1. With Ala234, Ala183, Ala230, Ala162 as the choices, which residue is hydrophobic (A, V, I, L, M, F, W, C), surrounded by fewer than 19 Cβ atoms within 10 Å (Cβ to Cβ) and more than 17 Å from the chain's Cα centre (by Cα)?
2. Considering each residue of segment 82-101, count those that are open to solvent by less than 10 Å² (accessible area, probe 1.4 Å) and either in a helix (DSSP H, G or I) or of a type in the set (Phe, Trp, Tyr) (or both), and give that number.
3. Can you tell me how many residues within segment 111-150 are under 20 Å from Ala201 (Cβ atoms), basic (Lys, Arg) and modelled with pLDDT under 95?
4. Do the conditions hold for Ser196, that is, is it more than 17 Å from the chain's Cα centre (by Cα) and either crowded, with 16+ Cβ neighbours inside 10 Å or not β-branched (Val, Ile, Thr) (or both)?
5. Return a yes/no flag: does segment 53-76 have any residue that is of a type in the set (Lys, Arg), buried (at least 18 other Cβ atoms within 10 Å of the Cβ) and part of a loop (DSSP other than H, G, I, E, B).
6. Need pairs with beta-carbon distance below 6 Å; first residue of a type in the set (Val, Ile, Thr) and within segment 224-240, second part of a strand (DSSP E or B) and surrounded by fewer than 18 Cβ atoms within 10 Å (Cβ to Cβ); sequence gap 6+ or separate chains.
7. Taking the conditions exactly as written (hydroxyl-bearing (Ser, Thr, Tyr), open to solvent by 10 Å² or more (accessible area, probe 1.4 Å), at pLDDT 95 or above and under 20 Å from Thr41 (Cα atoms)), does Tyr210 satisfy them or not?
Amino acid sequence: MIRGWQVRSGAWWARRVAEDWPAAEVEIRSGWRLAWSEGVTRRANSAVCLEPGAPVGVVEEFYRARGAAPCVQIWPGDGETDDRLALHGYGVERAAQVMVRDLAERPPQPRRADVTVTSRPDDAWRALWGESGRSPEHVPALHRILERAPAVGYGLDRSGAARGCAVLNGEWAGVYAMATRPADRGRGLAGAVLESLLEWAAAKGAACSYLLVEQDNAVAQRVYKWAGFALECAYGYRVGPAEPDGGAPRPR
């Protein structure tokens with residue numbers, strides 16, 4: 001927990017992530033928040049239940065009309081929704097964690113001279129999408145998501161080997177799109193980029209920060225714990241069964 005801050009609910013985190021990683025299309029319908037963003041990334045192409053007992057058919061209609069399998073975020077407090085989706089044949093995918101850090105309790109270290117933070121991503125920053133498993137055809141959609149975010153700082157190591165970005169939204173800064181070339185891992189580059197992003201955010205008024213990391217990514221979790229981040233909560237996704245004809249591709 002961040003010192004001096006109450007642990008936020010799952011609903012609070014769902015709203016925060018939706019604001020900081022904004023989808024191209026959002027509908028509030030029949031107790032659901034339905035989001036779609038060209039099928040790129042789970043969090044921008046999934047539904048959030050806003051009311052207990054909201055009809056599952058609404059989710060299926062929305063996503064299948066867009067050529068995708070229905071996908072629902074499951075946050076703490078969503079037990080009833082999770083149980084209902086399981087009964088409808090929805091499988092569990094991609095468990096992840098929210099980790100947080102209080103920037104007042106542990107101020108960021110001074111920015112290293114070999115890391116720059118800018119308001120726009122250059123070609124070297126863009127080139128590292130492949131290191132995070134993104135195919136080239138998805139890159140334009142990813143940048144359209146970031147262009148919709150409130151304010152973004154793009155951090156890049158001078159060698160072009162590591163990068164990340166911070167989305168500034170009020171007193172919170174969300175860290176996204178961290179990536180390091182495999183040959184350069186273990187050199188502290190990710191940590192340097194992270195600290196530079198947090199210094200940038202703190203200088204602009206952020207008091208606390210968060211990031212999202214998959215539960216099976218032990219290496220990244222160690223880096224973030226070393227940097228002072230602590231577990232806040234866990235979340236995941238339920239993905240519905242494919243259509244009878246084999247179904248549509250799922251967001252990546």
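1. Result: Ala183 is the single residue among Ala234, Ala183, Ala230, Ala162 that is hydrophobic (A, V, I, L, M, F, W, C), surrounded by fewer than 19 Cβ atoms within 10 Å (Cβ to Cβ) and more than 17 Å from the chain's Cα centre (by Cα).
2. Residues of segment 82-101 open to solvent by less than 10 Å² (accessible area, probe 1.4 Å): 85, 90, 96, 98-101.
Then keep just the ones that are either in a helix (DSSP H, G or I) or of a type in the set (Phe, Trp, Tyr) (or both); that gives 85, 90.
Number of matching residues: 2.
3. Within segment 111-150, residues that are under 20 Å from Ala201 (Cβ atoms), basic (Lys, Arg) and modelled with pLDDT under 95 number 2.
4. On the way: more than 17 Å from the chain's Cα centre (by Cα): yes; either crowded, with 16+ Cβ neighbours inside 10 Å or not β-branched (Val, Ile, Thr) (or both): yes.
In short, yes.
5. Quick first cut of segment 53-76, residues of a type in the set (Lys, Arg) only: 64, 66.
Checking the rest, the ones that are also buried (at least 18 other Cβ atoms within 10 Å of the Cβ) come to none.
No, that holds for no residue.
6. Cβ pairs passing all conditions: Val239/Gly91; Val239/Glu93.
7. For Tyr210, the condition - hydroxyl-bearing (Ser, Thr, Tyr), open to solvent by 10 Å² or more (accessible area, probe 1.4 Å), at pLDDT 95 or above and under 20 Å from Thr41 (Cα atoms) - is not met.
Residue-by-condition table, conditions (1) touching a strand residue (DSSP E or B) at 6+ places or on another chain (Cβ under 7 Å); (2) at pLDDT below 95; (3) over 28 Å from Val152 (Cα atoms):
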{"site": "Ala24", "(1), (2), (3)": "yes, no, no"}
{"site": "Ser30", "(1), (2), (3)": "no, no, yes"}
{"site": "Arg33", "(1), (2), (3)": "yes, no, no"}
{"site": "Ser46", "(1), (2), (3)": "yes, no, no"}
{"site": "Gly57", "(1), (2), (3)": "no, no, yes"}
{"site": "Ala69", "(1), (2), (3)": "yes, no, yes"}
{"site": "Asp78", "(1), (2), (3)": "yes, no, yes"}
{"site": "Thr81", "(1), (2), (3)": "yes, no, yes"}
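The values are calculated or read from the model by the stated rules, or taken from the named source; none is laboratory data. Quantities reported herein were computed from a predicted structural model and do not represent experimental measurements. Glycine also receives a Cβ, built like all others from the backbone with ideal geometry; neighbour counts cover every protein chain displayed. These accessible areas exclude ligands, DNA and RNA; they are computed on the full protein's heavy atoms, side chains included. Shrake-Rupley method; radii C 1.70, N 1.55, O 1.52, S 1.80 Å.
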